[in-house]
Amino acid sequence: MRCVAGVDPGTRATGYGLVALDGNRLVAIAHGVVQTRSQDPLAARLDRIYRELLAIFREHGPSEVSVETIFHARNARSALTLGHARGAVLLAAEHSGLPVVEYTPMQVKNAVVGYGRASKHQVQEMVRRLLSLRGGLAPDAADALAVAICHLHTSRTLEAAARGGP
């Protein structure tokens with residue numbers, strides 16, 4: 001089974017989700033949120049994100065990491081802070097020897113819901129259905145699972161096209 005880690009970076013909450021492809025079936029391996037405290041210094045928050053993701057990658061052994069790109073932020077400071085969180089994610093992937101693939105939010109929504117302007121709720125519901133999950137699903141974890149699903153769908157399509165078939 002091929003396992004992909006999806007990550008939705010944030011300095012307060014970084015969602016992660018590991019999804020495996022078993023034949024044509026998507027299987028949720030693990031998901032959750034790395035929480036940090038807003039009163040902690042930024043460096044301490046980034047260290048926590050890095051260390052927890054490093055441990056998650058080592059525990060579950062994904063073959064690659066997919067990350068959502070920054071598409072816009074409320075202001076320059078928010079974009080810069082989010083960029084720091086993405087840096088911690090990329091460093092954890094690099095130190096785990098994992099290649100990283102990035103997707104825009106529109107690409108993720110299109111791959112998971114079939115509509116690039118889908119709402120967060122629509123994405124969350126489709127993730128729940130595709131992975132046969134029951135119960136509550138944290139929005140950041142749902143977004144991370146969606147990024148992993150996007151990568152599995154996209155890479156499978158590209159591999160099929162390279163072979164010259166569906």
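Listed values, structure above:
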item: Looking only at segment 29-42, and only at residues there that are touching a strand residue (DSSP E or B) at 6+ places or on another chain (Cβ under 6 Å) and among the hydrophobic types (A, V, I, L, M, F, W, C), the one that is surrounded by the most Cβ atoms within 10 Å (Cβ to Cβ); result: Val34
item: First in segment 26-38 and more than 16 Å from Val147 (Cβ to Cβ), second anywhere and at pLDDT below 95 and of a type in the set (Val, Ile, Thr), Cβ under 9 Å, 6 or more apart; result: Thr36/Thr11; Ser38/Thr11
item: Residue count, segment 94-117 (criterion: part of a loop (DSSP other than H, G, I, E, B), within 13 Å of the chain's Cα centre (by Cα) and within 13 Å of Val4 (Cα to Cα)); result: 0
item: Test: residue in segment 10-18 that is crowded, with 16+ Cβ neighbours inside 10 Å, free of Cβ contacts under 8 Å to residues at least 60 places away in the same chain, within 15 Å of the chain's Cα centre (by Cα) and more than 24 Å from Gly135 (Cα to Cα); result: no
item: Selection count, segment 43-81, where residues are assigned to a helix (DSSP H, G or I), of a type in the set (A, V, I, L, M, F, W, C) and either modelled with pLDDT of 95 or more or buried (at least 18 other Cβ atoms within 10 Å of the Cβ) (or both); result: 9
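The values are calculated or read from the model by the stated rules, or taken from the named source; none is laboratory data. In this text, all values refer to a predicted model and were calculated from it rather than measured experimentally. Don't worry about glycine lacking a Cβ; one is built from the backbone with ideal geometry, like all the others, and counts go over all protein chains shown.
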